[in-house]
Amino acid sequence: MRSLSDLISAGVQGTRVLVRADLNVPLDTSTGDPIITDDGRIVASVPTLRKLIDAGARVIVVAHLGRPENGPDRSLSLAPVAIRLAELLGQAVRLSTDVAGPDSSAQANALTDGDVLLLENVRFEAAETSKNPELRGVFADQLAGLAQAYVDDAFGAVHRRHASVYDVALRLPHAAGDLIHAEVEVLDRLTGEPARPYVVVLGGSKVSDKLPVIQALLPTVDRLLVGGGMCFTFLAAQGHDVGGSLLEEDQVEACRELLEQAGDRIVLPVDIVVAEALVADARLQVVAAQRIPSDRKGLDIGPHTVAAFTDHLKDAKTVFWNGPMGVFELAPFAAGTRGIAAAVAAVDGLSVVGGGDSAAAVRQLGLDESAYSHISTGGGASLEYLEGKQLPGLAVLENAATESTT
Ligand code: ADP
Ligand code: MG
């Protein structure tokens, strides 16, 4: 893959460079104006943008926010992101009113060296995510027409065959941004020959999302610690009643097979924090994992589990953690995630946190981000990379740059 420094050494002063960034931040819309609740991805996009700005490029950023269903949706405008990005860069960030239409063209042409233009939410254009390559192609032509080079720095989107991730790279000389480089380098250390013991901690909501990565990692891990909503399908596979906890009936058999294959390396919770309902003032109870009352929901791992998992992490030399241990968004159910976050932070070796919600949990719980070797900006992308899948957005960067179509 051509690197950002290769591109910059070739000279970018006065060149319009289209940068695909991952600025898909969580928003709180409950009080009217959307508020960014975790700016981690904006912060992570700054180094690549800074380098291009300093090299005199005219930077055009393309990014998505949320999942707009029917075209432009004001509540998913990148306006609050433009404001935060400007603060972080310490310079003005213009925002276009369309994605690759007349306003974008006019603003792109008006850029001077070192200026930054953010295009409005790329998913306002249905063609961005279309399965039809021709539709994506028409849109990618418009995007490519705005610039003379393309840099992909949106690691969180490289598993998508989208116009701004894939098709545009077929149309412009391209390079991988520093963030993509850093992510790939770390994930390669997890799939290569990791220092042992190698411990993987998985949580989050759905076991069906994580089964492929479990299957891919299980042959190489020494221990797999399972918490979060997904642990209940494993507990059910062991024949336990999980009450009203999250349960994926259609995955029970797959979990039973995993336990048969590698039950000695899969570690499940011994106790669970349960409540009648998922509310902030819930009356909590800690019960044994095998004895969840039928009228209760398991919403966090219990203190004995935190202690046991912490023990399993103590001598680890490589750790990959994905997925919160409980519903950390509500204070009564955050202790498990906080405890595991601390245990992973204390690891003396390579500690990698992957997953959008896991990364958000680390920051929201006020933990020290620098205690981890790496916090990945990509949830789905990092899991698919670890599964060994070919990711369209990376594959396209590996191919030689095509001639510019402009
Ligand atoms: P990531 O984005 O880090 O990959 P996921 O998206 O898989 O993580 O899962 C995150 C979500 O899982 C969180 O919103 C959290 O509330 C939820 N979760 C964790 N534990 C439970 C549980 N016991 N019951 C229901 N949801 C849970
Ligand atoms: Mg998530």
Exercise for the section: For region 366-379, indicate whether the set of residues that are on the phi > 0 side of the Ramachandran plot, free of Cβ contacts under 8 Å to residues at least 40 places away in the same chain, surrounded by fewer than 21 Cβ atoms within 10 Å (Cβ to Cβ) and away from ligand 2 (no atom under 14 Å from the Cβ) is non-empty. Expected result: yes
Practice task
Inspect region 45-58 for any residue being modelled with pLDDT under 95 and of a type outside the set (Lys, Arg) and give the result as yes or no.
Solution key: no
Practice task
For region 165-206, name all the residues that are under 23 Å from Pro219 (Cα atoms) and hydrophobic (A, V, I, L, M, F, W, C).
Solution key: Val184, Val186, Leu187, Leu190, Ala195, Val199, Val200, Val201, Leu202
Exercise for the section: Could you tell me whether Val306 is closer than 30 Å to Ala182 by Cα, more than 12 Å from ligand 1 (Cβ to nearest atom) and buried (at least 23 other Cβ atoms within 10 Å of the Cβ)? Expected result: no
Exercise for the section: Might you let me know whether region 320-340 holds any residue that is within 19 Å of Thr220 (Cβ to Cβ), within 16 Å of ligand 2 (Cβ to nearest atom) and aromatic (Phe, Trp, Tyr)? Expected result: yes
Problem - Filter pass, Ile42 being within 24 Å of Pro392 (Cα to Cα) and either assigned by TED's automatic domain parsing to the domain that holds Gly356 or touching a residue at least 12 places away in the same chain (Cβ under 8 Å) (or both) - result: yes
Handout entry: Hits in region 306-332 - residues which are of a type in the set (Phe, Trp, Tyr) and over 22 Å from the mean Cα position of the chain (by Cα)
Key = Phe309
Exercise for the section: Exactly one condition in (1) within 16 Å of ligand 2 (Cβ to nearest atom); (2) modelled with pLDDT of 95 or more is not met by Val207; state its number. Expected result: (2)
Practice task
Select, from Val200, Val213, the only residue that is over 28 Å from Ala127 (Cα atoms), at pLDDT 95 or above and surrounded by 21 or more Cβ atoms within 10 Å (Cβ to Cβ).
Solution key: Val200
Fill in the blank from the handout: Within region 272-291, residues surrounded by fewer than 23 Cβ atoms within 10 Å (Cβ to Cβ) and touching a strand residue (DSSP E or B) at 6+ places or on another chain (Cβ under 8 Å) come out as Ala275, Glu276, Ala277, Leu278, Ala282, Arg283, Leu284, Gln285, Val286, Val287, Ala288, Ala289
Fill in the blank from the handout: Selection from region 363-384 of residues more than 12 Å from the chain's Cα centre (by Cα), modelled with pLDDT of 90 or more and within 16 Å of ligand 1 (Cβ to nearest atom) yields Glu369, Tyr372, His374
Practice task
For Leu224, state whether it is under 23 Å from the mean Cα position of the chain (by Cα), touching a residue at least 60 places away in the same chain (Cβ under 8 Å) and more than 16 Å from ligand 2 (Cβ to nearest atom).
Solution key: no
Exercise for the section: Identify the single condition in (1) at pLDDT 95 or above; (2) within 16 Å of ligand 2 (Cβ to nearest atom); (3) of a type outside the set (A, V, I, L, M, F, W, C) that Gly354 does not satisfy, given that it satisfies every other one. Expected result: (1)
Fill in the blank from the handout: Of all strands (runs of 3 or more DSSP E) fully inside region 123-229, the set with 1 or more residues that are among the aromatic types (Phe, Trp, Tyr) is 149-152, 198-202
Handout entry: Unique residue being closer than 18 Å to Gly203 by Cβ and either within 14 Å of ligand 1 (Cβ to nearest atom) or outside the structural domain of Val352 (by TED's automatic domain parsing) (or both) when the list is Val274, Val287, Val270
Key = Val274
Fill in the blank from the handout: The condition of being more than 24 Å from Gly379 (Cα to Cα), touching a residue at least 12 places away in the same chain (Cβ under 8 Å) and part of a loop (DSSP other than H, G, I, E, B) holds, among Val12, Val25, Val59, Val17, only for Val12
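The values are calculated or read from the model by the stated rules, or taken from the named source; none is laboratory data. What you see is a predicted model, and the numbers here were worked out from it, not measured in a lab. Positions of Cβ are backbone-derived with ideal geometry, glycine not excepted, and every protein chain shown enters the neighbour counts.
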